Amino acid sequence: MSLNVAALILSAGFSSRMGDFKPLLPLGEMTALERTISLFGSSGVEDVRVITGFRSEELEPLLTRLKVRNIVNPRYRDGMFTSVIAGAKTIGNGVDAFFILPVDIPLVRPATIRCLLEAYDPGNDVLYPCFQGLRGHPPLISARHAGAIVSWCGDNGLRGALAQWETGSQELEVADEHILNDMDTPEAYGRLAEKVKRYETPTEAECMALLGKVSAGSAIIGHGRAVADLAMLFARKLNLAGYRLDINLLVAAGLLHDLARTETNHAQAGARLLREAGFGAVADLVASHMDLEPNEEEDINLKELLYLADKLVQGECRVTLAERFQAALERHSHDPAIFKKVTDRLKTAHIIKTRLETTLGCSMEEVINIP
């Protein structure tokens, strides 16, 4: 079933706690308002409506350029819920459901919007995104409730209005902690300004959420954590030697490299899942953690560090390459094709290991503390 969905972006307030005009604050290469508009557009929601009020004339040129409908709320001084009402009044018969998102929650991931759209059932009253059990923004609300929201006179604004339909509402766990992250204060804005720099790298909590979504077992999670720790150790030592490696990206790839471990060709399957989630750089690392051609003419890169770390961890324990490959070599000794693949992987690991030892000036046993 094809849904007609609208998105209401609340951008009418005074930004009094912030001390600056939130819609036009920069976050990366875009303003907060541009980010929220782009979020929906990139997720397939074409009907985006921005509710403005305070300094609405400053936003008009931007909205015109982006071809977004501007809904001016004349009652914006009376609080955010008046903007909800102003937006809900525009929800007509041609709309099946609508999102509501305040402009000060600007880093929601496009994958979250797509997941909500895919999971929404016309029988739902409200579908809430959740992260680690906590509800966040934006809720996806059945259009049949727009009129009741407009006429709501109870307490707690939108939260109170939506509580009327609690029994008919659903929750959807998403790997997106940004559904909880607002920028009401200068301090909160500063935190988001830092997080946007690493927007394409999932946090550790998001990595755990991704693993939870595929029901990864404790063995997969434990191995991933051990690989991430070892890869991080390599990267830190290289950075001390003059490299400038992205440790956060490498750790995320280590945690997630076996995301699709139970599937055939799990490296590519995991990479595909990560690209769908919006984590392309992590996906590129995960895709090559099983088979890799080392580039001996360049500096050691993140792909090589992840590859080597994976080959030096068995279960959750650090081992030598000989220990790691012994069982596979014995098991496939009578199958020339598979045996060659295993020996090629071992050869690649030795090449990377030797280069790393040369760069660091010490043996691998010293680096990873294998007795």
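Every read-out reported here was derived from the displayed coordinates using simple, explicitly stated rules and does not represent laboratory data. Being a predicted model, the structure only gives us computed values, none of them experimental. A quick note on method: Cβ atoms are made from the backbone with ideal geometry, for glycine too, and the neighbour counts reach across all protein chains shown.
Assorted remarks:
- Here the extension length gained between Cys153 and Asp78 equals 25.7 nm, from 0.36 nm per residue of separation less the Cα-Cα distance.
- Cα gyration tensor, the stretch 5-198 - rounded (a/c under 1.5), prolate or oblate: rounded
- Global geometry of the stretch 204-368, whether rounded, prolate or oblate, following the gyration tensor of its Cα atoms and the 1.5 cut on a/c: oblate
- Shape call, the stretch 192-240: gyration tensor on alpha carbons, a/c limit 1.5: oblate
- Put the Cα centre of the stretch 239-266 next to the Cα centre of the stretch 272-324 and the gap is 6 Å.
- Using the Cβ-Cβ distance between Glu171 and Cys317 with R0 set to 35 Å, the FRET efficiency from 1/(1 + (r/R0)^6) comes to roughly 0.40.
- A simple spin-label model places the labels of Ala328 and Glu297 2.7 nm from each other, with each point 7 Å out along Cα-to-Cβ.
- Flagged links, alpha-carbon separation over 18 Å, of Lys67/Lys195; Lys195/Lys303; Lys237/Lys353; Lys213/Lys303: Lys67/Lys195; Lys195/Lys303; Lys213/Lys303
- In Hz, Karplus ³J(HN,Hα) per residue of the stretch 316-332 (6.51, -1.76, 1.60; θ = phi - 60°; x = Gly, Pro): 10, 9, 6, 9, 7, 4, 4, 5, 5, 9, 4, 5, 5, 5, 5, 5, 10
- Euclidean distance between Cα centres, the stretch 147-208 to the stretch 335-361, Å: 46 Å
- Value of D in µm² per second that Stokes-Einstein yields for the chain, Kirkwood Rh from Cα pairs, at 10 °C (1.306 mPa s): 69 µm²/s
- Remark: spin-label model distance Arg144-Asn239 equals 5.3 nm, labels positioned 7 Å along the Cα→Cβ axis.
- Cα-projected label distance for Asp246 with Met30, points at 7 Å along beta-carbon direction, nm: 1.8 nm
- If R0 is 25 Å, the Cβ-Cβ spacing of Asp344 and Glu276 corresponds to a FRET efficiency of close to 0.25.
- To the nearest ten degrees, helix 336-360 and the longest principal axis of the Cα atoms of the chain are 80 degrees apart.
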